[in-house]
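Colleague: Quick one: this structure, given as structure tokens, is what I'll be asking you about.
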Amino acid sequence: MPQESVRTAGELRTRLAERAARWSVSEHLADEEPVPRPSLGLDPASRPTTAAAAGTVDLRALIGRASGNPHLTRRRAAHGLLPGSRESAATLATAVDWRERWGWRWITRVKDQNPCASGWAFAAAGLVESMARIEHHVWAVRSEGDLRDGLRLTCGQASDPETALDWIRDNGGLADPDCRPYTTPPPGLPPERRDAWGSEYTPSWDRSGRTVRIGDYVRLGDVRQQKVWLDTVGPLTACLDVYEDFFGLGSGVYHRVDGRLVGGHCVLIVGYDDAAGCWLFKNSWGTRHHADGYGRIAYGEARVDHWAKCGLSDTNIDPWSKRRLHAGNVYESGNGRAHRNFELAAPTGDGGLRHWWREGEPPFAWSPGKTFAHDASGRPAFTGSTYNRNMESLHVTTGGRLRHWYYEQSGGAWRDGGAFGPGDAAIGSTPALIQSDYGKPGNFEVVVRTADGRLNHWWRINGAPWTWNDGGRFASGIAHYGPALVQTRSRRLELVATRTDGRMQLWWRDDRDHFAWHSGEVFGSAITSAPCLIEGQYGARDEETVGNYELCVAGAGGRVEHWWRANAGGGAWVRGAVFGRDALAVTGMLQGSFGFDLEVIVLRTDGLLQHYRRDGSGWHTGPVIGPA
């Protein structure tokens, strides 16, 4: 095999043509341009596990149960991995591509590690991101900086995915970029200073509530088992040898043609193609490398099958990543063995509140939890925060004020956070509560209906001196029930409330206009309760695209109305369906870890809470939870 250095893209193209290679040089490179040399990142001295040492594993023991993702449940049954199932003929898919599967995207955008030797960190972070999406149907971008800096490594220090996943497992998970960003040295530094560059590890102090947590990962050495994992679970990390010609890879299936060995690198395997005889990988060199940042490498080429590939399951998503996906008195936590319990708070009828929860695995039974509070005049707002994933509850008191309670995860007890706010909050109404991204930890934002039919915004800086602040009043003619509140990706606060004329109206706050509230569109008619509003996953094709608004509210005749708006396309509000009966109010709504289903909690006219669910075939009546 020739060992000459590959210098220019044109020279490499010539050599590929001479050897009838199955791949082409990146279209972004002109013939006269030198073949680029982005940084790598595998440190063989860290001794990653070889495929031979990993051997085969018991896949049934590892993943032999239903997933919240119904597609994966079907694939596991086809492989005979579920209890009572048998492997069918031609079980293994001939090709898998997690970039888009079953009509959905599952992989975050391609990133760029340059100029640091951090490919190992991007492979591990990409694995966590993809499994968060696949298992919980949410985009949860993670920070390679949290990992690299947490390991106290410099820009020039390489490692491997196993070291990375060990650190993530043992240090409370992997945080989002706003908690601890991935940074690179300033341009112009000489190589020796660039490689030695590093920064003190100082994540935001609410990191414990902003991490995707993981348990043990699996090392897979058998190629067929790797393909089964890709088919039934998700992507895998992989490491390979890098020769000079690999830097020029564009489209096609890579096999080594020319150039010297320059080191090792790690990537994320997001699929395979048996017809082409290759793995599909996501690299971390930006979108101008390979085909929009993705490449194909032949089975066994460049020792890609020499090292064990690593996979994850049972990821545990943080409340920060889910903050737009729930409203009202219900949300999905990371509690339970499957890390997808539903948590709900409801009145007990004597001024108290009761915590209810639903296990995230069959038979999905609702169970009553502890009671707290003593002066609740109506239904609470309920959410999880970045304070160690504490539960946060807010209600209007019998004296017309607001009172905050929180469940302290570390102590396992409910704590009274104190009363605040106006003395004329509408007794019996439901406030709206979210955690915004103003500050770290993010501020609590509250909007409540007051006795004069207006809306009052309050907010708390979540740091010393922990004071609640009056954000002013706005709107008029608001019905008694209360508003629904979200924070958009552009940082606007937006809410929908029911007016006294039975219609709904949107209001929004413009930070560039002295934090003033503005009225928006009016829609619907004969509405009889407060709405519940979320920004869901429909329409959010990637982690940077805004999702559709999903809204449920009680309407005429005791029916529940589902409305939606295509935010990415700037569309109008559309009433999508009417369902249920005897609905007095919609008290909560979420989109969780179950196949992009919408979950709605309804208070019936007989005082009982009813669960409804929407999947691909429509709305379904769920169990009665209990009294409210």
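Colleague: What are the residue pairs meeting all of these: first residue in segment 229-240, first residue closer than 18 Å to HIS306 by Cβ, second residue polar (S, T, N, Q) and open to solvent by less than 10 Å² (accessible area, probe 1.4 Å), Cβ atoms under 7 Å, and 6 or more apart or on different chains?
Modeller: LEU236/GLN226
Colleague: So, in segment 478-504, how many residues would count as being outside any loop (DSSP other than H, G, I, E, B) and either of a type outside the set (A, V, I, L, M) or over 29 Å from the mean Cα position of the chain (by Cα) (or both)?
Modeller: Of all residues in segment 478-504, those outside any loop (DSSP other than H, G, I, E, B) come to 478-487, 493-499, 504.
From the residues that got through so far, the ones that are either of a type outside the set (A, V, I, L, M) or over 29 Å from the mean Cα position of the chain (by Cα) (or both) too are 478-483, 487, 494, 498-499, 504.
So the count comes out to 11.
Colleague: Mind counting the residues in segment 44-59 that are under 28 Å from ARG75 (Cα atoms) and either part of a helix (DSSP H, G or I) or open to solvent by 80 Å² or more (accessible area, probe 1.4 Å) (or both)?
Modeller: Of the residues in segment 44-59, 7 are under 28 Å from ARG75 (Cα atoms) and either part of a helix (DSSP H, G or I) or open to solvent by 80 Å² or more (accessible area, probe 1.4 Å) (or both).
Colleague: Further question on the same structure: Just for segment 439-477: of the residues that are in contact with a strand residue (DSSP E or B) (Cβ under 6 Å, 6 or more places away or on another chain) and assigned to a loop (DSSP other than H, G, I, E, B), which one is farthest from SER393 (Cα to Cα)?
Modeller: GLY477
Colleague: Go through segment 543-563 and count every residue that is closer than 24 Å to SER429 by Cα and either open to solvent by less than 10 Å² (accessible area, probe 1.4 Å) or of a type outside the set (D, E, K, R) (or both). Before you say what the answer is, go through the steps one by one.
Modeller: Step one: of segment 543-563, the residues closer than 24 Å to SER429 by Cα are 549-563.
If we keep only those that are either open to solvent by less than 10 Å² (accessible area, probe 1.4 Å) or of a type outside the set (D, E, K, R) (or both) too, we end up with 549-558, 560, 562-563.
Adding up the residues that qualify gives 13.
Colleague: Which of the residues belonging to segment 17-43 are part of a helix (DSSP H, G or I) and either touching a Lys or Arg at 6+ places or on another chain (Cβ under 9 Å) or not aliphatic (A, V, I, L, M) (or both)? Please lay out each step first, then the result.
Modeller: Residues of segment 17-43 that are part of a helix (DSSP H, G or I), as a first pass: 17-18.
Listed by number, the list holds a single entry, GLU18.
Colleague: Here's something else I'd like to know. If the requirement is being crowded, with 23+ Cβ neighbours inside 10 Å and at pLDDT 95 or above, which of these qualifies: LEU608, LEU584, LEU590?
Modeller: Details: LEU608 fails: crowded, with 23+ Cβ neighbours inside 10 Å; LEU584 fails: crowded, with 23+ Cβ neighbours inside 10 Å.
Just a single option satisfies the conditions, and that option is LEU590.
Colleague: Please name all residue pairs, on different chains or six or more residues apart, with Cβ atoms under 9 Å, provided the first residue is in segment 85-107 and is without any contact (Cβ under 8 Å) to a residue 24 or more places away in the chain and open to solvent by less than 30 Å² (accessible area, probe 1.4 Å) and the second residue is among the β-branched types (Val, Ile, Thr) and not in a loop (DSSP other than H, G, I, E, B).
Modeller: THR91/VAL228
Colleague: Looking at segment 28-43, which of the residues that are touching a Gly at 6+ places or on another chain (Cβ under 6 Å) and open to solvent by 20 Å² or more (accessible area, probe 1.4 Å) is nearest to ALA124 (Cα to Cα)? Before the answer, list the steps.
Modeller: First, the residues of segment 28-43 that are touching a Gly at 6+ places or on another chain (Cβ under 6 Å): 31, 35, 40-42.
Among the residues that remain, those that are also open to solvent by 20 Å² or more (accessible area, probe 1.4 Å) are: 31, 40.
Details: ASP31: 34, LEU40: 14 Å.
Selected residue: LEU40.
Colleague: Do you know which of the residues in segment 480-505 that are touching a Ser or Thr at 6+ places or on another chain (Cβ under 8 Å) and free of Cβ contacts under 8 Å to residues at least 40 places away in the same chain is most open to solvent (accessible area, probe 1.4 Å)?
Modeller: ARG503
Colleague: Follow-up. Regarding segment 225-239, can at least one residue be identified that is closer than 26 Å to SER130 by Cβ, open to solvent by 20 Å² or more (accessible area, probe 1.4 Å), in a helix (DSSP H, G or I) and not charged (D, E, K, R)?
Modeller: Applying the first criterion (closer than 26 Å to SER130 by Cβ) to segment 225-239 yields 225-239.
Filter once more, so that each one left must be open to solvent by 20 Å² or more (accessible area, probe 1.4 Å): 225, 227.
Now narrow it down to the ones that are in a helix (DSSP H, G or I): 225, 227.
Checking which are not charged (D, E, K, R) leaves us with 225.
Checked against the condition, which is being closer than 26 Å to SER130 by Cβ, open to solvent by 20 Å² or more (accessible area, probe 1.4 Å), in a helix (DSSP H, G or I) and not charged (D, E, K, R), segment 225-239 yields at least one hit.
Colleague: Considering (1) over 24 Å from the mean Cα position of the chain (by Cα); (2) open to solvent by 50 Å² or more (accessible area, probe 1.4 Å), say which one GLY626 fails and leave the rest.
Modeller: (2)
Colleague: Could you check GLY418 against (1) at pLDDT 95 or above; (2) outside any strand (DSSP E or B); (3) open to solvent by less than 30 Å² (accessible area, probe 1.4 Å) and say which number it fails?
Modeller: (2)
Colleague: Next up: For segment 151-162, state whether one or more residues are assigned to a helix (DSSP H, G or I) and either over 18 Å from TRP320 (Cα atoms) or touching a residue at least 12 places away in the same chain (Cβ under 8 Å) (or both). Walk me through it before giving the result.
Modeller: Restricting attention to segment 151-162, the residues satisfying the condition of being assigned to a helix (DSSP H, G or I) are 161-162.
Still in the running and either over 18 Å from TRP320 (Cα atoms) or touching a residue at least 12 places away in the same chain (Cβ under 8 Å) (or both): 161-162.
Taking every residue of segment 151-162 in turn, at least one turns out to be assigned to a helix (DSSP H, G or I) and either over 18 Å from TRP320 (Cα atoms) or touching a residue at least 12 places away in the same chain (Cβ under 8 Å) (or both).
Colleague: Residues that are open to solvent by 10 Å² or more (accessible area, probe 1.4 Å), at pLDDT 95 or above, under 23 Å from LEU62 (Cα atoms) and not charged (D, E, K, R): does segment 269-277 have at least one? Write out each step before concluding.
Modeller: Here is the first cut: in segment 269-277, the ones open to solvent by 10 Å² or more (accessible area, probe 1.4 Å) are 273-277.
With the extra rule that they be at pLDDT 95 or above, the set shrinks to 273-277.
Now drop any that are not under 23 Å from LEU62 (Cα atoms), which leaves none.
No, there is no match, as no residue in segment 269-277 is open to solvent by 10 Å² or more (accessible area, probe 1.4 Å), at pLDDT 95 or above, under 23 Å from LEU62 (Cα atoms) and not charged (D, E, K, R).
The values are calculated or read from the model by the stated rules, or taken from the named source; none is laboratory data. Small disclaimer: the values here were computed from a predicted structure and weren't measured. So basically every Cβ, Gly included, is an ideal-geometry build from the backbone, and we count neighbours across all protein chains shown. Please note that ligands, DNA and RNA were not included when accessible areas were found on the heavy atoms of the full protein model with its side chains. Shrake-Rupley method; radii C 1.70, N 1.55, O 1.52, S 1.80 Å.
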